[in-house]
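Written out below as structure tokens is the structure these notes cover.
The values are calculated or read from the model by the stated rules, or taken from the named source; none is laboratory data. This is a predicted model, so every value here is computed, not measured. Counting neighbours? That spans all protein chains shown, and the Cβs are built from the backbone with ideal geometry, glycine included. Remember, those area values only see protein heavy atoms, side chains included, never the ligands or the DNA or RNA. Shrake-Rupley method; radii C 1.70, N 1.55, O 1.52, S 1.80 Å.
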Amino acid sequence: MTDKLDEMIETAAAMVAPGRGILAIDESTGTCKKRFDSIGVECTEENRRDYRHMLISAPDLGEHISGAILFDETLRQSSADGVAFTQIMQDNGVIPGIKVDKGAHPLAGFDGEKITEGLDGLRERLNEYYELGARFAKWRAVITITEDNPSQACIDANCHALARYAALCQEAGLVPMVEPEVLMDGDHDIQTAYEVTLLTLKTLFDQLFEHNVVLEACILKSSMVVSGADCPEQADVDEVAEATLDCFFNTVPASLAGIVFLSGGQSEIEATEHLDAMNRMGDLPWPLSFSYGRALQASALKVWGANPQNNVQAAQAELLHRARMNGLAAMGQYESKLEQE
Ligand code: 5MM
């Protein structure tokens, strides 16, 4: 595994290089339909291809975007004039990544909780994805907070699956991006989000250790510790940054290659401000960057949807702007006045 391990360690470092982060465009077809419904565009394979081609071919995307997570369909697609998406990404300095989970499904015996599936046949799929050009792979687990949940069983089952997937990724030469998302849905306060995230991360790193996952070749994709979306008292930017970092200091080994965040329903600006605040809070043992889906795409999607034929450059400009803002935030150098430039 030495050659493969060296390559994975190099890839993981490149994914979180200073001022760069990940673009998450791995929406499954159902999620993509929701996004397209919001802009009045039909969710056909051709439209999904055109939209994602617009994103990955944005000029100099690689300046602030180190990699992009694709859905299975997208990894196999080519532009209308026949250039493979993986080639376009490589030419643009963007590492191809792939979502390999098969989605979150009801956890039997636990009302309202979910378990992510997709381990059956994963070894074979990962080998094929490597051949197709992917160099990292993502798996998302979902933890829901309610009065009674999450249960320990839900956290254990999801972290066990994450560790098994991560070990299989490293066997195939792909950097695992492990994503335990603690949802911000609900009216819980930030303290509850902190306790659930702490327990989840503790369980996750115990499982990664038990499954011999090499942390230097592994990336954590985490939710931030925020107040529930319906909580009457919303924590401010510094409280979110402090609670999130405190949680990581108590659970995440320093040997991990890096941490990137999901946006989880935060606005574009909130996601940037939170990341920036954390990176301003002093020396951290790991690079701290972004892997946003909605918080990188929202404005671009809206502009593109208004006129998919004519607004390609304008939509790309929106994406490149957010990528730059978040690239600065990943170095603690973001300033709100830059939003006007
Ligand atoms: C882009 O959305 C990803 C795939 O979601 P589905 O499997 O539900 O279609 C999702 O995993 C995403 O990568 C993360 O949740 C981060 O995206 P956000 O929008 O939360 O930053």
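Some notes on this structure:
- Scanning the stretch 208-236 for residues that are under 16 Å from residue 179 (Cβ atoms) and surrounded by fewer than 21 Cβ atoms within 10 Å (Cβ to Cβ) gives a single hit, 215.
- Flag for residue 272 being more than 26 Å from residue 336 (Cβ to Cβ), among the β-branched types (Val, Ile, Thr) and in contact with a helix residue (DSSP H, G or I) (Cβ under 6 Å, 6 or more places away or on another chain): no
- Contacts under 6 angstrom Cβ, first residue in the stretch 275-297 being in a helix (DSSP H, G or I), partner modelled with pLDDT under 95, 6 or more apart: none
Results for (1) in a helix (DSSP H, G or I); (2) within 16 Å of the ligand (Cβ to nearest atom); (3) open to solvent by less than 10 Å² (accessible area, probe 1.4 Å); (4) modelled with pLDDT under 95, shown as yes or no for each residue.
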position	(1), (2), (3), (4)
118	no, yes, no, no
131	yes, no, no, no
163	yes, no, yes, no
193	yes, yes, yes, no
201	yes, no, yes, no
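- The set of residues in the stretch 279-297 that are among the hydrophobic types (A, V, I, L, M, F, W, C), open to solvent by less than 50 Å² (accessible area, probe 1.4 Å) and more than 10 Å from the ligand (Cβ to nearest atom) comprises 284, 286, 288.
- If only residues of the stretch 229-248 that are in a loop (DSSP other than H, G, I, E, B) and out of contact with any helix residue (DSSP H, G or I) (no Cβ under 7 Å at 6 or more places or on another chain) are counted, the one that is nearest to the ligand (Cβ to nearest atom) is 229.
- Pick from the stretch 249-278, criterion over 27 Å from residue 27 (Cβ atoms) and of a type outside the set (Val, Ile, Thr), ranking: nearest to the ligand (Cβ to nearest atom): 277
Residues are listed down the side, and each one gets a yes or a no for (1) of a type in the set (Val, Ile, Thr); (2) open to solvent by 40 Å² or more (accessible area, probe 1.4 Å):
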{"position": "4", "(1), (2)": "no, yes"}
{"position": "24", "(1), (2)": "no, no"}
{"position": "32", "(1), (2)": "no, no"}
{"position": "36", "(1), (2)": "no, no"}
{"position": "41", "(1), (2)": "yes, no"}
{"position": "45", "(1), (2)": "no, yes"}
{"position": "51", "(1), (2)": "no, no"}
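- Extreme residue, surrounded by the most Cβ atoms within 10 Å (Cβ to Cβ), among residues of the stretch 138-161 that are in contact (Cβ under 8 Å) with a residue 60 or more places away in the chain and touching a strand residue (DSSP E or B) at 6+ places or on another chain (Cβ under 6 Å): 138
- Tally of residues being under 16 Å from residue 297 (Cβ atoms) and of a type in the set (Val, Ile, Thr) across the stretch 61-90: 3
- Restricting the search to helices (runs of 4 or more DSSP H) fully inside the stretch 1-96 and requiring at least 3 residues that are among the basic types (Lys, Arg) and at pLDDT 95 or above gives 29-37, 45-56.
- Taken together, 183, 174 contain a single residue that is at pLDDT 95 or above and closer than 30 Å to residue 128 by Cα, which is 174.
- Any hit, the stretch 322-338, residues being away from the ligand (no atom under 15 Å from the Cβ) and of a type in the set (Phe, Trp, Tyr): yes
- Listed by first and then second residue, the pairs linking a residue in the stretch 25-50 that is among the β-branched types (Val, Ile, Thr) to a residue that is within 9 Å of the ligand (Cβ to nearest atom), with Cβ atoms under 8 Å apart and 6 or more places separating them unless they lie on different chains, are 25/69; 25/71; 25/293; 25/297; 29/71.
- Options 317, 300; residue that is of a type in the set (A, V, I, L, M), open to solvent by 30 Å² or more (accessible area, probe 1.4 Å) and under 20 Å from residue 93 (Cβ atoms): 317
- Here residue 267 fulfils each of the conditions (1) closer than 17 Å to residue 185 by Cβ; (2) open to solvent by less than 20 Å² (accessible area, probe 1.4 Å) apart from (2).
- Taking the criterion of being in contact (Cβ under 8 Å) with a residue 60 or more places away in the chain and either near the ligand (Cβ under 9 Å from one of its atoms) or surrounded by fewer than 24 Cβ atoms within 10 Å (Cβ to Cβ) (or both), the residues of the stretch 303-314 that qualify are 305, 306, 308, 312.
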